[in-house]
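Undergrad: Below is one structure. I have some questions about it.
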Amino acid sequence: MIRFVNVGMRYGLGDEVLHDISFELKPGSFHFLSGASGAGKSSLLKLIYLATRPSRGMITLFGQDLSTCQRKDIPALRRKIGVVFQDFRLLEHLTVLENVSLPLKVAGAKAVRMREHAAELLSWVGLENCIDALPSTLSGGEKQRVAIARAVVTRPQLLIADEPTGNVDDAIAMRLLHLFEELNRLGTTVMIATHNETLINSFDHTRLVLEAGELKRVT
Amino acid sequence: MLWQRNDLALDADPARRFLPWLLAMIVFLAGMALAGMMGLTSAVDRWDKGLTGTVTIQLPPVIGKSDQAIKNVRAILAQTPGILSTRVIKTSEARAMLEPWLGKGAFAKDLPLPRLIDVRIRTNAPPNMEGLGIVLGNAVPGTVVDDHRKSLERIISLARSVKLIALIIVVLVTLSAISMVIFITRTGLAIHYPGIELLHLIGAVDNYIARQFQGQAMELGLKGGLIGFILTAATVIALTQFANAFGGGFLPTIALNLNQWLVLISVPLGITLVGVITARFTVLAELRKMP
């Protein structure tokens, strides 16, 4: 599914924020990515969801070597990845239903199918009564669930979540993690970046630990 | 429909509220320049058609001797190669031509007018005008041969300059429209960067994002174009009516024909098309900078 070989990354001409990262994620696996703030978690996730390119090394995603991948082929790869952003990134002028159906719209799905799938996903995350609400009227936890529904509406092969429980209480955090596990059981590979040790210890999944831009251990 | 809504809130951009009005002004300026150019071209064509192949012979007013002088001049003209026909313009006709300038008063009636002979010449083999002038001047002293081509050439030359200026105006306003659309589109890209990045990351192709800006550019272009065209049409119609009502022969008729109106209608459509294409290429160029 994902293979990193000696990957290094820097922003512009700055210092490297990731050094010699090498790991492999099997299809259908579930991983936590942990590390202190500034350890490079978000940068590593950005490389995986194709928001940026590595400075060196080789990344293979869905069997494709990204260094030989043409720019026109990247959107199709991105559609196989669902991302839950730390800051949600909901479009404020669109309703909850429209936000959730956005990845389907981008993929060219028909309106009826978009509505059905988005409504189904909103029901799954417990927001079936908020489909016509604007994001500005939702709480942090509700926004988080909308972002999760949007990330999985296309049934992605890979789900990336950056601190998905950062804005919610422990009860909702556990509920969200169970949602991710449910998805994982359906075959989606999941990678969650978090520094919530309690949460990580509550689940028996592989853990990648980043320290100062280096992958220290995989447990 | 809800699902047709733009993913990016482009409507909310403050700069976009003024764009239709700016485009309306651009369409108006381009339209007026084109209308002026076309009106002038038509007028010059009419003058050209009316005056080509004719010269006017002007005999000085000599009381009691004019008829004999005319007879002599016509006799010479009849023998001159390249002359097709001659027609003596009656004094009453000449006075009618001067009425817009001098009015109908007694002064105008008493004013001694030169006698005029309208001469049609062979355009492919015209007579030697200078030679003819000398011969006629010898026969009837003070006779002048007025070759319209010389004055017409001056008018055509002036018209060409005006047309060139009009074309420069059209080019400049089109460039202004392009610059404005580039500026507004870049502003929109900067304002909506988070939304654009989101679309990009969930797998939107560049064309999908560009279409949102193109749609906006088309809507604003058509709005501005319509306002600009209405202003242009109203001004052209008003000027035409003013020239017809008050020009009284001083002002050339500037009425446009159907084809010329179609050219004017193409201005807002052309500006809209330019706006859409500009928006598209601006967005695509910016998106290419994204990974």
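The values are calculated or read from the model by the stated rules, or taken from the named source; none is laboratory data. Keep in mind it's a predicted model, so treat the numbers as computed, not measured. Glycine gets a Cβ as well: all are built from the backbone with ideal geometry, and neighbour counts include every protein chain shown.
Undergrad: Just one of (1) at pLDDT below 80; (2) not in a helix (DSSP H, G or I) trips up B:Ala108, so point out which.
TA: (2)
Undergrad: Looking only at helices (runs of 4 or more DSSP H) that fall completely inside the range A:55-126, which ones have 1 or more residues that are more than 10 Å from chain B (Cβ to nearest Cβ) and aromatic (Phe, Trp, Tyr)?
TA: Correct list: A:111-124.
Undergrad: While we're on this one: So for the range B:246-268 (the condition being assigned to a helix (DSSP H, G or I), touching a Gly at 6+ places or on another chain (Cβ under 8 Å) and buried (at least 23 other Cβ atoms within 10 Å of the Cβ)), does at least one residue qualify?
TA: Yes, the range B:246-268 contains at least one residue that is assigned to a helix (DSSP H, G or I), touching a Gly at 6+ places or on another chain (Cβ under 8 Å) and buried (at least 23 other Cβ atoms within 10 Å of the Cβ).
Undergrad: Could you please find all residues in the range B:20-66 being aliphatic (A, V, I, L, M) and touching a Lys or Arg at 6+ places or on another chain (Cβ under 7 Å)?
TA: The answer is B:Met37, B:Leu40, B:Leu59.
Undergrad: Limited to the range A:10-47, what total is found for residues that are surrounded by fewer than 18 Cβ atoms within 10 Å (Cβ to Cβ) and in a strand (DSSP E or B)?
TA: 6
Undergrad: Do we have A:Val17 as modelled with pLDDT under 95 and closer than 30 Å to A:Cys130 by Cβ here?
TA: The answer is no for A:Val17.
Undergrad: For the range A:190-219, how many residues are surrounded by fewer than 15 Cβ atoms within 10 Å (Cβ to Cβ) and not in a strand (DSSP E or B)?
TA: Qualifying residue count, the range A:190-219: 7.
Undergrad: Give just the number: which of (1) closer than 24 Å to B:Ile165 by Cβ; (2) buried (at least 16 other Cβ atoms within 10 Å of the Cβ); (3) basic (Lys, Arg) does B:Arg46 not satisfy?
TA: In the conditions (1) closer than 24 Å to B:Ile165 by Cβ; (2) buried (at least 16 other Cβ atoms within 10 Å of the Cβ); (3) basic (Lys, Arg), B:Arg46 misses (2) alone.
Undergrad: Specify which of the listed residues (B:Ile237, B:Ile209, B:Ile271) is within 20 Å of B:Gly36 (Cβ to Cβ), crowded, with 19+ Cβ neighbours inside 10 Å and of a type in the set (Val, Ile, Thr).
TA: Sole residue among the options that is within 20 Å of B:Gly36 (Cβ to Cβ), crowded, with 19+ Cβ neighbours inside 10 Å and of a type in the set (Val, Ile, Thr): B:Ile271.
Undergrad: Moving on. Which number in (1) more than 10 Å from chain B (Cβ to nearest Cβ); (2) assigned to a helix (DSSP H, G or I); (3) in contact with a helix residue (DSSP H, G or I) (Cβ under 9 Å, 6 or more places away or on another chain) marks the one condition that A:Ser136 misses?
TA: That leaves (3) as the condition not met.
Undergrad: Among the listed residues B:Asn207, B:Asn124, which satisfies the condition of being outside any helix (DSSP H, G or I), at negative phi and of a type outside the set (Ser, Thr, Tyr)?
TA: Matching residue, one of B:Asn207, B:Asn124: B:Asn124.
Undergrad: Let me ask something additional. Which residue out of B:Leu199, B:Leu175 is of a type outside the set (Ser, Thr, Tyr), closer than 30 Å to A:Ala151 by Cβ and at pLDDT 90 or above?
TA: Every option except B:Leu199 fails the conditions.
Undergrad: Tell me which of these B:Ile121 doesn't satisfy, since it passes every other one: (1) within 30 Å of B:Leu34 (Cα to Cα); (2) in the same structural domain as B:Gln68 (by TED's automatic domain parsing).
TA: Going through (1) within 30 Å of B:Leu34 (Cα to Cα); (2) in the same structural domain as B:Gln68 (by TED's automatic domain parsing) one by one, B:Ile121 breaks only (1).
Undergrad: Go through (1) surrounded by fewer than 21 Cβ atoms within 10 Å (Cβ to Cβ); (2) at negative phi one by one and return the number of the condition A:Val152 breaks.
TA: (1)
Undergrad: Taking the stated definitions as given, is A:Gly40 free of Cβ contacts under 8 Å to residues at least 40 places away in the same chain and at positive phi?
TA: Against the criterion (free of Cβ contacts under 8 Å to residues at least 40 places away in the same chain and at positive phi), A:Gly40 does not qualify.
Undergrad: Has the range B:72-91 got at least one residue that is touching a residue at least 12 places away in the same chain (Cβ under 8 Å), among the small types (Gly, Ala, Ser) and in a helix (DSSP H, G or I)?
TA: The answer is no, given that none of the residues of the range B:72-91 is touching a residue at least 12 places away in the same chain (Cβ under 8 Å), among the small types (Gly, Ala, Ser) and in a helix (DSSP H, G or I).
Undergrad: Return the pair list, or none, for Cβ contacts closer than 7 Å from residues in the range A:114-125 that are over 11 Å from A:Val152 (Cα atoms) and in contact (Cβ under 8 Å) with a residue 12 or more places away in the chain to residues that are of a type in the set (Val, Ile, Thr) and not in a helix (DSSP H, G or I), at least 6 apart or on different chains.
TA: Here the result reads A:Ala119/A:Ile131, each pair linking the range A:114-125 to a residue that is of a type in the set (Val, Ile, Thr) and not in a helix (DSSP H, G or I).
Undergrad: Further, regarding this structure: Of the residues that make up the range B:191-207, is at least one out of contact with any Lys or Arg (no Cβ under 9 Å at 6 or more places or on another chain), more than 14 Å from every other protein chain (Cβ to nearest Cβ) and aliphatic (A, V, I, L, M)?
TA: Checked the range B:191-207: no residue is out of contact with any Lys or Arg (no Cβ under 9 Å at 6 or more places or on another chain), more than 14 Å from every other protein chain (Cβ to nearest Cβ) and aliphatic (A, V, I, L, M).
Undergrad: If you scan the range B:4-40, which residues turn out to be of a type in the set (Gly, Ala, Ser) and within 14 Å of another protein chain (Cβ to nearest Cβ)?
TA: B:Ala9, B:Ala12
Undergrad: In the range A:185-203, how many are among the charged types (D, E, K, R) and within 18 Å of A:Leu159 (Cβ to Cβ)?
TA: Total satisfying the criteria: 1.
Undergrad: Looking for something charged (D, E, K, R) and within 11 Å of chain B (Cβ to nearest Cβ) - is there at least one such residue anywhere in the range A:21-41?
TA: no
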